[in-house]
Amino acid sequence: MTQYNNYINGEWIASPHASKNINPSDITDIVGEYAQADASQVNDAVAAAKAAQPLWGQSTPQQRFDILDFVGTEILTRKEELGRLLSREEGKTLSEGIGEVTRAGNIFKFFAGEALRVGGEHISSVRPGIEIDTMREPLGIVGLITPWNFPMAIPAWKIAPALAFGNAVLHKPAELAPACSWALAEIISRSGLPKGVFNLVMGKGSIVGNAIVNHRDVAGVSFTGSVEVGRTLAATLAKRLARVQLEMGGKNPLVVLDDTDLTVAVNAAVNGAFFSTGQRCTASSRLVVTDGIHDRFVQAMIERMSKLKVDDALAPGTDIGPVIDEAQLEKDLAYIDLAKKEGGKLVQGGERVKRGKNGWYLSPALFTETTNTMRFNCEEAFGPLAGIIRVKDYDEALAVTNDTELGLCAGVCTTSLKHAVHFKRNAQAGMVMVNLPTAGVDYHVPFGGRKGSSYGTREQGAYAKEFYTVVKTCYVFS
Ligand code: ADP
């Protein structure tokens, strides 16, 4: 079986342990064995980053552009192959896998351009003879800790801006899906980036992630993952006043109003709730539906969902791939039991299904007769599960939308301009979608949430520089 090592100081380094990366569509298929770093290897990577960062911080925008553009071009050229790898290790369908890889390539291209656009401001002083300039400098060494559900796009949207703005990187991917990060590291290793600027340290969150977060030379950590881990990380980083950026869970509402086009609403709900096996922090897990359309919407959802093909992520025609692993499948099934106990009515799916291959398959589950206070509608399951919350009108729908501790994305399906605009202004979420699924975002605009969903500055787009740079204000008297 192929062994994949960590990338530290420009070298491929083995670790004392390795872990098997298992294909969730077929658990007899092992993608590879991936090194599991220990704390001393994290220290080596930080030392390498510390030695390399000052020079990289002074590299020209052209050098940074060329390197990021090289990485983006290669990702896009190899999108079919890398998309297949992604689907094999993570379980989203091949078209979703290729789509994610394409997005990652485009992100590198976007940040290649951003490297050229780093600028400052000239501001007149209130005092005579003085000129003031602001400029942006790299933050320093950054730790980038990522989850398994977007194993290519999330590393890309953290690594690309980190490098574009002159930082050195320690990247720790999730244990369950390190193959895409390894492939990305391999491309970066041939990009001309000086050794030590980018380091891949794979392994456990409790060991590698913890060592990164606690290393005093790491100036900031950008993390995407669970709320629990994110909160702990923020507390640790705050103690030594390091910068932190967290993207965590969602319990995203999709409101369906009486006046909506039913086809638009069903497309948005099925895509938002169940595509990528519901394993997206932007998934529409709460479907908030007004009285007048409720029964027709439920019927149309059942019809549409009964046609969804749950199967091997790489098989042609698959709509919904497997759940990532056994623990997640059990968690999903426990939430299905919980919803039933809380009074929800399972109207479609929600069953473990067997396919030709031995994988973690679950048919997407739709519940009716749920309320917004049920635990099922408050906690993020991270699976293909959705609950319909029946409301009497738009006002109640908006109240339910905002009655949550999370606030990543909120959607509304309506043909009313008045309601669409009101919702856009009043939904307490970092992102709002009108007549679109809550999941599925562009790569060149800010991404992030409010309340318990996110902490710190926005990721992606031109806003990414707020995390990866520090502002210096310079006064000159002449
Ligand atoms: P998920 O359910 O998406 O895996 P987690 O929050 O458990 O969410 O993991 C997200 C990332 O955070 C993974 O790379 C994981 O290894 C890492 N991680 C988990 N625990 C810690 C920790 N205590 N310190 C740092 N990183 C951690």
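Quick check, is Lys307 open to solvent by 20 Å² or more (accessible area, probe 1.4 Å), within 18 Å of Phe367 (Cα to Cα) and free of Cβ contacts under 8 Å to residues at least 40 places away in the same chain? Criteria met by Lys307. Taken over region 215-255, residues that are assigned to a strand (DSSP E or B) and within 16 Å of Gly140 (Cα to Cα) amount to 6. Could you grab me the full set of residues in region 15-55 that are surrounded by fewer than 21 Cβ atoms within 10 Å (Cβ to Cβ), assigned to a loop (DSSP other than H, G, I, E, B), of a type outside the set (D, E, K, R) and at pLDDT 95 or above? Of everything in region 15-55, those that are surrounded by fewer than 21 Cβ atoms within 10 Å (Cβ to Cβ), assigned to a loop (DSSP other than H, G, I, E, B), of a type outside the set (D, E, K, R) and at pLDDT 95 or above turn out to be Ile27, Thr28. Exactly one residue among Asp295, Asp291, Asp312 is surrounded by fewer than 19 Cβ atoms within 10 Å (Cβ to Cβ), in contact (Cβ under 8 Å) with a residue 40 or more places away in the chain and over 21 Å from the mean Cα position of the chain (by Cα), and that residue is Asp291. Val229 - would you say it is assigned by TED's automatic domain parsing to the domain that holds Leu55 and either in contact (Cβ under 8 Å) with a residue 60 or more places away in the chain or touching a His at 6+ places or on another chain (Cβ under 6 Å) (or both)? Judged against the criteria, Val229 is not a match. Of everything in region 197-208 that is surrounded by 24 or more Cβ atoms within 10 Å (Cβ to Cβ) and not in a strand (DSSP E or B), the residue that is farthest from the ligand (Cβ to nearest atom) is Val197. Against the test of being over 19 Å from Val434 (Cβ atoms), touching a Phe, Trp or Tyr at 6+ places or on another chain (Cβ under 7 Å) and not aliphatic (A, V, I, L, M), the options Ser306, Ser222 yield a single qualifying residue, Ser222. Anything in region 109-160 that is among the aliphatic types (A, V, I, L, M) and under 18 Å from Arg458 (Cα atoms)? List them, or say none. Matches in region 109-160: Ala115, Val118, Leu139, Val142, Leu144, Ile145, Ala153, Ile154, Ala156, Ile159, Ala160. Would you mind listing the strands (runs of 3 or more DSSP E) fully within region 98-168 where at least 2 residues are within 16 Å of the ligand (Cβ to nearest atom) and more than 14 Å from the chain's Cα centre (by Cα)? Once the strands (runs of 3 or more DSSP E) in region 98-168 are filtered for at least 2 residues that are within 16 Å of the ligand (Cβ to nearest atom) and more than 14 Å from the chain's Cα centre (by Cα), what remains is 141-145. Lys195 meets the conditions (1) outside the structural domain of Gln58 (by TED's automatic domain parsing); (2) among the charged types (D, E, K, R); (3) in contact (Cβ under 8 Å) with a residue 40 or more places away in the chain in every case but one. The failed one is (1). Based on what the data block shows, is Asn271 under 30 Å from Lys424 (Cα atoms), open to solvent by 20 Å² or more (accessible area, probe 1.4 Å) and either modelled with pLDDT of 95 or more or near the ligand (Cβ under 9 Å from one of its atoms) (or both)? Taking the combined requirement at face value, the residue satisfies it. Evaluate region 456-471: report whether one residue or more is over 28 Å from Leu163 (Cβ atoms), touching a residue at least 12 places away in the same chain (Cβ under 8 Å) and out of contact with any Phe, Trp or Tyr (no Cβ under 7 Å at 6 or more places or on another chain). Checked region 456-471: no residue is over 28 Å from Leu163 (Cβ atoms), touching a residue at least 12 places away in the same chain (Cβ under 8 Å) and out of contact with any Phe, Trp or Tyr (no Cβ under 7 Å at 6 or more places or on another chain).
When residues in region 212-229 are screened for being more than 7 Å from the ligand (Cβ to nearest atom), open to solvent by 20 Å² or more (accessible area, probe 1.4 Å) and small (Gly, Ala, Ser), 1 of them pass. For region 322-348, the candidate set comprises residues that are small (Gly, Ala, Ser) and surrounded by fewer than 22 Cβ atoms within 10 Å (Cβ to Cβ); within that set, the residue that is farthest from Ala177 (Cα to Cα) is Gly343.
Do you know which residues across region 429-478 are in a loop (DSSP other than H, G, I, E, B) and surrounded by fewer than 16 Cβ atoms within 10 Å (Cβ to Cβ)? Across region 429-478, the qualifying residues are Asp442, His444, Val445, Ser478. Quick check, is Cys378 within 28 Å of Glu228 (Cα to Cα), within 22 Å of the chain's Cα centre (by Cα) and surrounded by fewer than 22 Cβ atoms within 10 Å (Cβ to Cβ)? Yes; evaluated as a whole, the condition is true for this residue. Checked against the criterion of being open to solvent by less than 40 Å² (accessible area, probe 1.4 Å) and hydroxyl-bearing (Ser, Thr, Tyr), the candidates Thr60, Thr77, Thr146 yield just one match: Thr146. Looking across region 235-247 at every residue that is surrounded by 18 or more Cβ atoms within 10 Å (Cβ to Cβ) and more than 18 Å from the chain's Cα centre (by Cα), the one that is farthest from the ligand (Cβ to nearest atom) is identified as Arg243. Residues in region 71-85 that are touching a Phe, Trp or Tyr at 6+ places or on another chain (Cβ under 9 Å) and hydroxyl-bearing (Ser, Thr, Tyr): Thr73 alone. Are any of the residues in region 169-180 within 16 Å of the ligand (Cβ to nearest atom) and either among the basic types (Lys, Arg) or not assigned by TED's automatic domain parsing to the domain that holds Val221 (or both)? The answer is yes; a qualifying residue exists.
The values are calculated or read from the model by the stated rules, or taken from the named source; none is laboratory data. What you are looking at is a predicted structure, and each value in this text was computed from that prediction instead of being measured. Reconstructed Cβ throughout: ideal geometry from the backbone, glycine too, with neighbour counts over all protein chains shown. In case anyone asks, the SASA skips ligands and DNA or RNA and just uses the protein heavy atoms, side chains included. Shrake-Rupley method; radii C 1.70, N 1.55, O 1.52, S 1.80 Å.
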